[in-house]
Amino acid sequence: MRTAIRHRTAHPARDLCLAPGRTIDAPVTEGGRYGRMFPDLPAATFDDDRLLGLGIEGSICDGGACDENSRVEAGQPFFGQYLAHDLTADRSPLRVHGSIEALRNIRSPRANLEALYGGGPVGSPYLYDQADPAKLLLGADGRDVPRNQQGVALIGDPRNDVHAFMTGLQVAFIHAHNRLVDRLRADGVPDSELFDDGRRALTWHFQWVILNDFLPSLVGSAMATTVIRNDEARFYRTTGEPFIPVEFADAAFRYGHSQIKGDYQVRRGGQRFPVFPDLAGFRPLTPERVIDWTLLFDVPGHPPAQRAKPIDGLLPASLIRLPESITGTIEVNAYQSLASRDLQRGMGTALPSGEAVARAVGAQPLTRQELALGDWQADTPLWLYILREAAVRGGGDRLGEVGGRIVAEVIVGIIRRDPESYLANDPSWRPTLPSHQPGNFKIRDLLIPVR
């Protein structure tokens, strides 16, 4: 049996670590499932052990303390992870002992907060306040998600409880929805319409900050503007429903693993914690682990927020040596490393090399010196190529031409093709919630109420 494809036993909800990305494998088909952005490019193949060796402890991906700062707010990659979960909510098949089970459904990917709302008050009543069904339910103190008597989160997607930052985002979005319901009720909206109007309003605000804050920060303003304003989709083309390209899910949108710092301060004056194991989820959120978002996003009137690590292909020790509580029992030591898992996933879904995609999009491929992969002489795995491209061509602050093109076209394309999105219904719509800086609505304004 080849080393890289040995079965490992793990808790399916915990085998997601620090996506962006999927937690489980997917067939490469279109029509609301997964597909290819570059179907004519050949798969890159590598020796399993050498490939995994790129990501293990002491390898070129082991960044140790990872305390270097980029110019990017520390909260941006966690927002990206939440978006990744939303795009893939309820649309992934489950791999069990090497076989792929049937899809739970074939709904098209959308950025519509499905992971927050579940099936709505009727389909998922456990997510809602029975005393006020238009509102989402919170934990008893309002600082955590609701949980059952064993501490299991009652949320639409269990991945959004994987660590304290994800749980905190879920809580912040619940509060945002409930604030919108209060405002709509004060405006005289009938009770029968409150939930639908509140959901639409929050979803459109969510889509707005994706396109106008998150995406420009990640791919650069020029790339974001070109794709959004010119409706330019050179490579993400669909004949029917949108799909999620494997080049996006298993390479480009896993960039965030390389933005994670060695540790974070989550409360003012509090101690610093690594994400794993200290901030690991699937348990009640204790007071010292409740996130102060002014430490993760810049807010006027507060000191500058912490910064993300540069995107460069290095991962912190906590992700190179994941605890067993996250990985489950493993047969291959390399699977303790998230970097090795990302590399193996790319070959498992037959991704082309980074150099092949660069030539396809018209970008100048990175040189061996720019890649800085030591004695690695083969073409470069797409995931690692995109990270090195970001370091060399984006200064570690944003994706380069290959990664940026994939991410921008897919995210904009999915939102544009959603018949319920603000782009499809009212492209001139602007956020109605107050912002900390008038006329400049950002992610922070969804998470941190304006006083």
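The values are calculated or read from the model by the stated rules, or taken from the named source; none is laboratory data. The structure presented is a predicted model; accordingly, all values stated were derived computationally and were not measured. Backbone-built Cβ (ideal geometry, glycine too); neighbour counts: all protein chains shown. Please note that ligands, DNA and RNA were not included when accessible areas were found on the heavy atoms of the full protein model with its side chains. Shrake-Rupley method; radii C 1.70, N 1.55, O 1.52, S 1.80 Å.
For this structure, a couple of remarks:
- In the range 367-388, residue farthest from Arg341 (Cα to Cα) [restricted to those that are part of a loop (DSSP other than H, G, I, E, B) and touching a helix residue (DSSP H, G or I) at 6+ places or on another chain (Cβ under 6 Å)]: Asp379
- Residues that are buried (at least 18 other Cβ atoms within 10 Å of the Cβ), of a type in the set (A, V, I, L, M, F, W, C) and under 20 Å from Val402 (Cα atoms), drawn from the range 312-351: Leu314, Ala339, Leu343, Met347, Leu351
- Applying a threshold of 7 Å to beta carbon distances and a minimum spacing of six or more residues, or different chains, the list of pairs starting in the range 289-304 at a residue that is without any contact (Cβ under 8 Å) to a residue 60 or more places away in the chain and ending at one that is surrounded by 20 or more Cβ atoms within 10 Å (Cβ to Cβ) and assigned to a loop (DSSP other than H, G, I, E, B) reads Asp292/Val266.
- Among the residues making up the range 164-215, those that are over 23 Å from Ile415 (Cβ atoms) and buried (at least 22 other Cβ atoms within 10 Å of the Cβ) are Ala164, Phe165, Thr167, Gly168, Val171, Val181.
- Applying the condition of being surrounded by fewer than 21 Cβ atoms within 10 Å (Cβ to Cβ) and of a type in the set (Ser, Thr, Tyr) to the range 40-84 and asking which residue is nearest to Asp213 (Cα to Cα) yields Ser59.
- Residue in the range 300-316 that is farther than 30 Å from Asn440 by Cβ and not aliphatic (A, V, I, L, M) present: yes
- The set of residues in the range 307-340 being of a type in the set (A, V, I, L, M), in a helix (DSSP H, G or I) and closer than 19 Å to Trp383 by Cβ consists of Leu319, Ile320, Ala334, Leu338, Ala339.
- Residue list for the range 143-163, filter: open to solvent by 20 Å² or more (accessible area, probe 1.4 Å) and more than 24 Å from Gly80 (Cα to Cα): Arg147, Asn148, Gln149, Gln150
- Listed by position, the helices (runs of 4 or more DSSP H) inside the range 213-304 whose residues that are over 30 Å from Arg451 (Cβ atoms) and over 22 Å from the mean Cα position of the chain (by Cα) number at least 1 are 221-229.
- Of all the listed residues (Gly354, Gly362), the sole one being open to solvent by less than 10 Å² (accessible area, probe 1.4 Å), at pLDDT 95 or above and under 18 Å from Glu401 (Cα atoms) is Gly354.
- The range 283-306 - residue that is open to solvent by 50 Å² or more (accessible area, probe 1.4 Å) and in contact with an Asp or Glu (Cβ under 7 Å, 6 or more places away or on another chain) and, of those, nearest to Val266 (Cα to Cα): Pro304
- Some residue of the range 141-152 being assigned to a strand (DSSP E or B), within 20 Å of Arg283 (Cα to Cα) and out of contact with any Ser or Thr (no Cβ under 6 Å at 6 or more places or on another chain): yes
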